[in-house]
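I have placed the structure first, in the form of C-alpha cells, so that the comments after it can refer back to it.
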Amino acid sequence: MTTRLAGTLAAVFEPRDALTDEQRRAGLRALNYQAIAASGADGLISGGFLAAFALLLGASNVHIGILTALPPILQPVQLVAVVLIERLRMRKPFAVMSYFIAYAAWVPVALIPFVLDVPNAGAVTLLLVFVALRGVAQAFLNPSWIGWIRDIVPQDVMGSFFSQRMRIATIAAAVAGLVGAFYIDWWAGRVPEPEQIYGYSYAMLFGSILLGFGAVGFMARMPEPRMVAPEGQRPTIAQMLAAPLRDANYRQLMSFLMVWSLASQLAVPFFSVYMLTKLEMPLSAVVGLAVLSQATSVLFVNVWGGYVDRFGSKVVLSISSSLYLLVILGWTFTTTPEAHALTVPLLIVLHFLIGIASAGINLASTTIRMKMAPQAQSTSYLTGASLAASLGAGIGPILGGAFVDFFSVRRFEISIEWVDPARTVEFPAVFLTGYDFLFALAFLSGLVTLSVLGRVREEGESNREAVMSELAAQTRENLRVLNSVPGMNLVGSLPLGRRRFVPAVAGLDVAAGVTAYQLAASIQSVATTAARSGATARQLQSRVNQTIARAVQESDNVRQQGAALAFGAVQGAVQVAAESGIGTRRLVRESISGLLDATAEAVDDPRTILRGAIQGAIRSGSDAGLSMDAVTTDAIEATRAAAPQLGLSEQDAVAYAAEVAVQASADLSEDSRTRVRNAALKAILPGAPKS
C-alpha cells in the first residue's frame, strides 16, 4: 500500500523530459480550470470581503495597511524556495503544497468569530498571524509556479493565452463576489448586528474549502516540464540569485515593478474601506462596483492580449499605467468634502476605467517579466521580479494606512465665496482630507514610474509610430469598441520615444490622444455623409471646419491638447482627400487655416498647432499610400498661406514646416523619407536639385 502510494506520488510529481502536444493541451486546460476555481475562491475571500471582515473584527486603517502589506513583505522567503528548487530541480511539489497551505490558512481565519468575542484586538492579531502564514506559503508558491507555467505556455501565444485565462478568471471572481455580497447583505438583514460577521465566516469557509482546494486539485493535474539546465558550468546559488541584478535591462524592469507597486498600493487597498466607511455604502454596492471593473477587464483583456503579442508588453504596460494613475486621482473628487449627487456616477466611471487599465497592467506585467527572463535562469529572474514588486507592495499599504490616519485630522481647503446683502454662499473649490490626500499622493508617486518604464528595453517592442498607426486604423475600423478605451489611442504621447504630440502628463495625455483619433474619425464620417449627399468640395471643407471648431470648443484644455487636435484634424482631412479623390492641397490648406482660427485665442503659440498639423499630414499621407512629395508640398504651401495667422514671415513659416515634415518622416520608408526631404528642400530653395 505504502509502495503503491509512493509510486503514485512519484508519477504525479515527477518532471517530464518533454511534453507531448496532448500533455501540453491537457496542462493548459487544467491551468484554465485552476484559474476559475482560484478566482472564485478569492472573490469570496479577498478585496471588499476581507476589508469588511477585518473592520468587524476591530481593525483600524493601520491594521488594514498591515493586512495588505504582510504577504508581499514576506516574499523574501522566496529566496529559500529558489535554493531548494534549484537543488532538487523540481517545482510542482513546492507549488502544490504551498497552494494547499495558502487556502487552508483561511479556515482558522473564518472561525475566529466562533472562538472570540468581536470586535477586539486579539481577533485582529489572529487574523494577521494567519495572513502572515498564508504569505509565507505564497512566497514558496511564486518562484515554483511562475517558472512552471512559463515552461508550459508557448511564448508566441503568451499574450492571447493569458488574456483568455484572465478573462475567465475575472468572470469567475465577479460571479462569486457578487453572489457572496448579496448573500452577506441578505444575512445582515435577518440576524442581529453582533451575528452579522458569521455571514462572512460561512462565505470564507465555502470559498477556501470547496473552491480553493479544488484549485489545488487542478494544479496537481498539470504536468511539469523538466527544468532546463544552464549552459556551461552550473552557477553557484549566490551567482544565480544575483543574475537578474547583473542584467542591466532586467534591473530596470525590477525597478519599475517596485516603484509601480509602491505607488499603486498606497491607495488601492483603501478603495473598499473608503466606500464602506467614508461613503457608507453597503457591501453589495462595493462588490457590485468591483464586478463592474472585472466585467470591463473581461471585455478588454483580449484586446490587450492581441496588442501584447503584436507590439510587445512594454507599450501596453505604459498606456495602462498612465490611465490607472488618472483613475486614482479621480477618487479625490468623489467627495467635496461629503458625498454629492455625482459621487455614484463618478465611482461607476472610475471603476469602468480602472477595469480597462488593470487588465492591461496585469497582463503586460506578467508577460514582460516572463519574456525577458532567460529560460535556463527563469526561476531566479522571475523571483527577482516578484521580490521587487513585493517590496513596493509591502511598503505602500503601510505608508497608506499611516497617511490616512495622519491626514484624517488635517485638511487643505480652497473655497469660493459669493457675498451679497442678503446672504453669503460658499463653494468648496478644493477640499482634501484623509483619503483625499492619500489618493493625490499615490497619483504623484506614480508619475515617477513612467520614466522608469521608458528605460526598459523589450526584445521585439514596436516603436511608437508603428503602434500609433495601427491604433489609428483600429479606431477607424472599430470605433464602437476602441472609442471607449482611452488609453489605447495614445501610444505616441507616452514616454516611449523621442517625440510626442502632447505633454506626458499621466492620464491627460491619454484623453488628448482619444480626442485626436475621435476627431479624425468624425471628419471622415462628415466627409462620407457629405459625399453621399452630393455636396461640393466647398461644402465639404465647410463641414470639416465646423467639425474642427466644435472639437476645439468641447476640448477641456486646448493648450495641452492643441497638437493632438491638429494632428487628428489634418489626419482626417488627408484621409478624406485620399478617399474622395479631392487633392490634398485645398483640404489641408483650409484645415490648417480653420485650426488656427478656432484656436487663436486659446493657445500661446500657434506653431504647436502647426506642428501637429504637419505631423498629421505626413503620417496619414503615408498610411493612405499618397505620394509623399505631393503631401509635403501641399502641407508646406498651406503653411505659406497661413504665415500671417502664425505671426511669422512667409520664409520662416515655410522653413519651420519643412523642418517638422522631415522630422515626422524619420520612421517612414527610405523612399518616403527621400520624397519628403526633396519636397521640403524644393519649398525652401525652389531651384535645389533632388537629393
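The values are calculated or read from the model by the stated rules, or taken from the named source; none is laboratory data. These numbers were taken from a predicted model, which means no experiment stands behind them. Here the Cβ positions follow ideal geometry from the backbone for every residue, glycine too, while neighbour counts run over all protein chains shown. Note: areas computed on protein heavy atoms with side chains; ligands, DNA, RNA excluded. Shrake-Rupley method; radii C 1.70, N 1.55, O 1.52, S 1.80 Å.
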remark   = The set of residues whose placed amide H lies less than 5 Å from the amide H of Arg16, leaving out same-chain residues fewer than 5 positions away, is Glu224, Arg226
remark   = The answer for the net charge of residues other than Gly177 whose Cβ lies under 14 angstrom from its Cβ, with Lys and Arg +1 and Asp and Glu -1, is -2
remark   = A 1.4 Å probe over the protein heavy atoms gives the range 1-131 a carbon and sulfur accessible-area percentage of 69
Carbon plus sulfur fraction of accessible area for the range 245-302, probe 1.4 Å, in percent = 61
key: Isotropic mean projected area of the C-alpha convex hull, the range 99-150 (nm²)   = 3.7
task = With all distinct Cα pairs included, what does the Kirkwood hydrodynamic radius of the range 309-383 come out to in Å, to one decimal, could you say?
result = 14.3
key: Solvent-accessible surface ranking, highest first, for His63, His351 at 1.4 angstrom   = His63, His351
key: Å² of accessible area per residue within the range 269-340, as computed with a 1.4 Å probe and no ligands counted   = 29
query = Accessible area per residue, 1.4 Å probe, Å², for the range 45-166: what's the number?
reply = 35
Extension gain (nm, one decimal) between Tyr202 and Ala242, 0.36 nm per residue minus Cα-Cα = 9.9 nm
key: Rounded to the nearest 10 Å², the accessible area of Val303 at probe 1.4 Å   = 30
